[in-house]
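The values are calculated or read from the model by the stated rules, or taken from the named source; none is laboratory data. Just so we're clear, the structure is a prediction, and the values are computed from it rather than from any experiment. Reconstructed Cβ throughout: ideal geometry from the backbone, glycine too, with neighbour counts over all protein chains shown.
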Amino acid sequence: MTDELFLTVHVPADEWAYCNRRLAYLEALLLRIVRERTAFQEWYDAVELEGLRLPGLPPSRQAIARKAHKEGWPRIRRGPRLAWHVTALPRRAFDALLARLIDLPELDARTDGLFTLPPAPGLPPLPEDVAPPWILPLMRLMRTEAQGDLALAWRTLPQHLPEGVTLPDVTEAAKVLATLKLF
């Protein structure tokens, strides 16, 4: 007898996306609360959203309310006003709000030098428009066999490399992937 139970669950894509966005928000919220020991909200009314000036949202509270009504955002009543759940915000607005909660730079902010890594030792510098020969097979594996699982794709990559292509160690590969902004 095994202690394993395998389940398959079918979830509509919209519901799955909603759950993932809510989880990302709650993780960021928890991190912020732990850092500052203050409470943050999950529901925002049009006045609050207007004041946040998030990218991807209309500039006025009336336009925000119209957009929310038209798109059917989940809502609650807070006193005389309606408030909408943070996960209903358009993706760009949601991402900007998350970035503010975890103190990341604004989406359009210049980040030159913020995420630069030193060149990977043992690898020749690459021209900016050229990737090492192991990148394409890795990306193909991520989309097919590994179904987005980087660890699985990395483990099976050696069997899919063209002849003569050597695989760097994990640290060097991570630096290359970060430099190319692939992960």
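The residues in the stretch 74-91 that are part of a helix (DSSP H, G or I) and loosely packed, with under 14 Cβ neighbours inside 10 Å can be counted, and the count is 1. For first residues located in the stretch 61-77 and under 16 Å from ALA93 (Cβ atoms), partners that are of a type in the set (S, T, N, Q) and at pLDDT below 95 and lie 6+ apart or on another chain with Cβ distances below 8 Å form the pairs PRO74/THR87. Is it true that some residue in the stretch 171-181 is surrounded by 10 or more Cβ atoms within 10 Å (Cβ to Cβ), of a type outside the set (Ser, Thr, Tyr), touching a Phe, Trp or Tyr at 6+ places or on another chain (Cβ under 6 Å) and assigned to a helix (DSSP H, G or I)? For the stretch 171-181, residues surrounded by 10 or more Cβ atoms within 10 Å (Cβ to Cβ), of a type outside the set (Ser, Thr, Tyr), touching a Phe, Trp or Tyr at 6+ places or on another chain (Cβ under 6 Å) and assigned to a helix (DSSP H, G or I): present.
Of all residues assigned to the stretch 101-114, none qualifies as being part of a helix (DSSP H, G or I) and at pLDDT 90 or above.
Restricting to the stretch 117-134, and then to whatever is over 16 Å from THR171 (Cβ atoms) and either surrounded by 10 or more Cβ atoms within 10 Å (Cβ to Cβ) or of a type in the set (Phe, Trp, Tyr) (or both), can you tell me which residue is modelled with the highest pLDDT?
Ranking the candidates gives PRO133 first.
From GLU145, GLU163, grab the single residue that is part of a loop (DSSP other than H, G, I, E, B), surrounded by 10 or more Cβ atoms within 10 Å (Cβ to Cβ) and either among the acidic types (Asp, Glu) or at pLDDT 80 or above (or both). Steps first, answer last, please.
On the way: GLU163 fails: surrounded by 10 or more Cβ atoms within 10 Å (Cβ to Cβ).
After ruling out the rest, the residue left standing is GLU145.
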